[in-house]
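What follows is one structure encoded as structure tokens, with my remarks underneath.
The values are calculated or read from the model by the stated rules, or taken from the named source; none is laboratory data. Quick caveat: nothing in here was measured; it's all calculated off a predicted structure. Note that we place each Cβ from the backbone using ideal geometry, even for glycine, and neighbour counts take in every protein chain shown. Side chains included, ligands, DNA and RNA excluded: accessible areas come from the protein's heavy atoms. Shrake-Rupley method; radii C 1.70, N 1.55, O 1.52, S 1.80 Å.
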Amino acid sequence: MWIYVAIVIFLRLSIKWFRNKQRIGNYGNRYIVITGCDSGFGHFLTKKLDVLGFHVFAGCLTQEGLTKLKEETSSKVKPVILDVSKTDSIERALEFVQLHLPQNTGIWGVVNNAGIAGPVVPIEWLNKTDYESVFEVNTLGMVETTRIFLPLVLKSKGRIVNITSVAGRIAVLYGPYAVSKHAAEGYSDALRRELYKRGVTVHIIEPGCFKTRITDPDVTCNAIDVYYDKLQKDIQAYFGPEFLKQYNKSVKQGLTIGACSDIDQVINAYVHALTATFPKHRYLVGWDAGFLVHILGRLPEWISDYIFAFNIPIPDLEKTI
């Protein structure tokens with residue numbers, strides 16, 4: 001009996017391994033558009049795809065990022081200024097791409113990588129504008145970039161790869177970021193099903209916490225101080241300097257200890273989504289992402305709430321706003 005079970009398990013794992021290793025090939029005749037290539041995941045993904053032989057249109061927010069990428073890659077990489085929060089910038093990038101594409105050629109992949117962390121502060125400190133600024137990049141930038149480039153992806157029956165986050169599955173902390181990533185998850189699922197019969201596939205990258213510019217502890221804590229200084233005096237007095245000190249300590253500790261330096265895990269997930277014959281719908285990347293979704297995510301909410309809130313300081317409860 002047990003030998004048959006072992007054989008079935010072995011065969012299933014072997015088939016999974018074999019499917020996972022299959023690749024589409026013909027990289028030299030495929031074109032990829034990537035957003036957010038100034039630094040971090042987008043920058044290193046561009047360099048990786050360049051080595052593999054892809055043609056890459058690398059969207060950079062700044063001239064500095066564009067120049068740096070141009071110096072570090074081959075002629076197959078064509079950096080272009082692209083601000084995903086502005087429709088006219090995306091449309092200009094489309095014109096640039098169309099100008100450099102061979103005739104009757106589409107785009108194999110659009111990688112919606114651009115993203116910002118937004119304010120990492122208590123929700124009570126935030127207003128509508130704070131949420132809008134994060135949504136403009138993390139969600140609506142993804143929506144608008146996909147809309148504008150979709151005809152070229154349909155022409156190639158290619159792929160759309162969207163980065164969200166494990167925070168798009170479980171809202172750990174930091175309201176605007178988690179809310180924008182939940183929205184990006186919903187958009188990606190809806191898009192995948194809508195394009196299912198049209199030959200275009202949609203894939204989601206869900207990283208945990210990795211060391212990039214948006215998770216820099218010092219930059220994050222400096223931004224927290226700036227937000228605190230801008231608060232109304234009554235709210236500032238309610239939270240107080242001791243709360244600010246403990247909150248900064250908690251955030252810095254979390255980003256210093258929790259952030260993984262091996263960003264190749266994320267880059268490899270991106271590459272698999274673009275090159276595998278049988279790509280996954282979702283790529284949960286990092287031990288922390290797996291732990292949050294598969295372990296904490298299955299616990300009763302009163303337990304997970306307690307765990308998530310354990311290190312969050314609270315203001316003096318005797319004070320009132």
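Quick notes on this structure:
- Any hit, segment 266-277, residues being aliphatic (A, V, I, L, M), at pLDDT 85 or above, surrounded by 15 or more Cβ atoms within 10 Å (Cβ to Cβ) and over 30 Å from residue 50 (Cα atoms): no
- The listed residues are 43, 55, and the only one of them that is modelled with pLDDT of 90 or more, crowded, with 18+ Cβ neighbours inside 10 Å and either among the basic types (Lys, Arg) or in contact with a strand residue (DSSP E or B) (Cβ under 6 Å, 6 or more places away or on another chain) (or both) turns out to be 55.
- Of all residues in segment 91-110, those being within 10 Å of residue 59 (Cβ to Cβ) and out of contact with any Lys or Arg (no Cβ under 9 Å at 6 or more places or on another chain) number 1.
- Count - residues of segment 240-296 that are assigned to a loop (DSSP other than H, G, I, E, B) and either touching a residue at least 40 places away in the same chain (Cβ under 8 Å) or among the charged types (D, E, K, R) (or both): 10
- Considering residues of segment 58-84 that are open to solvent by 40 Å² or more (accessible area, probe 1.4 Å) and either in contact (Cβ under 8 Å) with a residue 60 or more places away in the chain or touching a Leu at 6+ places or on another chain (Cβ under 9 Å) (or both) only, the residue farthest from residue 31 (Cα to Cα): 61
- One residue stands out among those in segment 227-265 that are small (Gly, Ala, Ser) and touching a helix residue (DSSP H, G or I) at 6+ places or on another chain (Cβ under 9 Å): the one that is modelled with the lowest pLDDT, which is 258.
- Candidates 19, 23, 92, 30, filtered to the one that is open to solvent by 80 Å² or more (accessible area, probe 1.4 Å), touching a strand residue (DSSP E or B) at 6+ places or on another chain (Cβ under 8 Å) and closer than 21 Å to residue 272 by Cα: 23
- Tabulated pairs, segment 301-317, first outside any loop (DSSP other than H, G, I, E, B), second at pLDDT below 85, C-beta under 6 angstrom, 6+ apart or interchain: 308/172
Conditions tested, residue by residue: (1) crowded, with 18+ Cβ neighbours inside 10 Å; (2) out of contact with any Leu (no Cβ under 9 Å at 6 or more places or on another chain).
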residue: 212; (1), (2): yes, yes
residue: 215; (1), (2): yes, no
residue: 224; (1), (2): yes, no
residue: 257; (1), (2): no, yes
residue: 285; (1), (2): yes, yes
residue: 307; (1), (2): no, no
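- For the criterion of being modelled with pLDDT under 85 and either in a loop (DSSP other than H, G, I, E, B) or out of contact with any Asp or Glu (no Cβ under 8 Å at 6 or more places or on another chain) (or both), residue 224 fails.
- Listed conditions (1) under 25 Å from the mean Cα position of the chain (by Cα); (2) open to solvent by 60 Å² or more (accessible area, probe 1.4 Å) are all met by residue 314, apart from (1).
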